[in-house]
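Structure first, commentary second.
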């Protein structure tokens, strides 16, 4: 059994405010450590379930969040750090091997949701991103990437809204809630070590069952709506081939090939270097 793990950070236990994401800050150092513990728990759960390979993709920002020596010292565990510029974005690497299952760790809900204090979908430039009228999160878009490769998604940990979204898209998936947003700028969570234990136990259980039916089903057609916060951004990206500008801040794109959607995301929302798309 070969297991692919994609790792964000906003869904790590207790993470509540933006400065906890700033590299080099004391708050970020703490949450990098907590994230590493949660990923290590997922790795241990996968190994306990019989995994012969566990590939961990550090997927938040520029891929330098997980502390390498905090993962299990096991020759079956591999860590991909840095920022591969391929179309699969946060799922980069899943297309280079035959994986039996995919896991999402420290996930967060999309920018349309009140379920996280730091909710967004790839970019702070966006106000909304929908496909066929349905709001998209990074999880949903990543799930479709796994679906392209026919890889079942068996587990997700993150905020309550992200877990609920995963359960709606993939009935039967195992989820672990790490925290829940309340009052707009706060969240509630258990002790961080409890989250780690639940993730380890949840991954082991998820991979010990029959998960082959948990392959996400892709739509046959894709109508993408991207609404930007600034009209200048929308105008700039309106020149992408096949894009139609609907109004001053809204773009539309239609295709029958999800790879075309990934190309659109890759060339409009994903920066090449730190700070490139910041306001």
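The values are calculated or read from the model by the stated rules, or taken from the named source; none is laboratory data. Model, not experiment: these values are computed from the prediction. With ideal geometry, Cβ positions are generated from the backbone for all residues, glycine too; neighbour counts draw on all protein chains shown.
Observations on the structure shown:
- Here residue 139 fulfils each of the conditions (1) free of Cβ contacts under 8 Å to residues at least 60 places away in the same chain; (2) under 13 Å from residue 106 (Cα atoms); (3) over 17 Å from the mean Cα position of the chain (by Cα) apart from (3).
- In the range 210-237, the qualifying residues are those that are free of Cβ contacts under 8 Å to residues at least 60 places away in the same chain and more than 13 Å from residue 254 (Cα to Cα), and the one that is surrounded by the fewest Cβ atoms within 10 Å (Cβ to Cβ) is 210.
- Failed condition for residue 13, given (1) out of contact with any helix residue (DSSP H, G or I) (no Cβ under 7 Å at 6 or more places or on another chain); (2) crowded, with 22+ Cβ neighbours inside 10 Å; (3) closer than 19 Å to residue 188 by Cβ: (1)
- Residue count for the range 21-58 satisfying the condition of being part of a helix (DSSP H, G or I), touching a residue at least 12 places away in the same chain (Cβ under 8 Å) and out of contact with any strand residue (DSSP E or B) (no Cβ under 8 Å at 6 or more places or on another chain): 12.
- Test: residue in the range 150-160 that is in contact (Cβ under 8 Å) with a residue 40 or more places away in the chain, touching a strand residue (DSSP E or B) at 6+ places or on another chain (Cβ under 9 Å) and farther than 22 Å from residue 92 by Cβ: yes
- The range 183-265 holds strands (runs of 3 or more DSSP E) entirely within its bounds, and those carrying 1 or more residues that are touching a strand residue (DSSP E or B) at 6+ places or on another chain (Cβ under 9 Å) and closer than 26 Å to residue 170 by Cβ map to 186-188, 222-228, 250-255.
- Apart from one condition, residue 139 fits all of (1) in contact with a helix residue (DSSP H, G or I) (Cβ under 9 Å, 6 or more places away or on another chain); (2) modelled with pLDDT of 90 or more; (3) under 23 Å from residue 86 (Cβ atoms); (4) surrounded by fewer than 24 Cβ atoms within 10 Å (Cβ to Cβ); the exception is (4).
- Just one residue in the set 75, 48, 38, 52 is buried (at least 21 other Cβ atoms within 10 Å of the Cβ), modelled with pLDDT of 95 or more and more than 18 Å from residue 270 (Cβ to Cβ); that residue is 38.
- Residue 172 satisfies every condition listed in (1) in contact with a strand residue (DSSP E or B) (Cβ under 8 Å, 6 or more places away or on another chain); (2) at pLDDT 95 or above except (1).
- Test: residue 126 is buried (at least 24 other Cβ atoms within 10 Å of the Cβ) and touching a strand residue (DSSP E or B) at 6+ places or on another chain (Cβ under 7 Å): no
- Evaluation of residue 14 against (1) more than 15 Å from the chain's Cα centre (by Cα); (2) touching a residue at least 24 places away in the same chain (Cβ under 8 Å); (3) on the phi < 0 side of the Ramachandran plot (one fails), failing number: (3)
- The one condition from (1) surrounded by 15 or more Cβ atoms within 10 Å (Cβ to Cβ); (2) at pLDDT 95 or above that residue 181 does not meet is (2).
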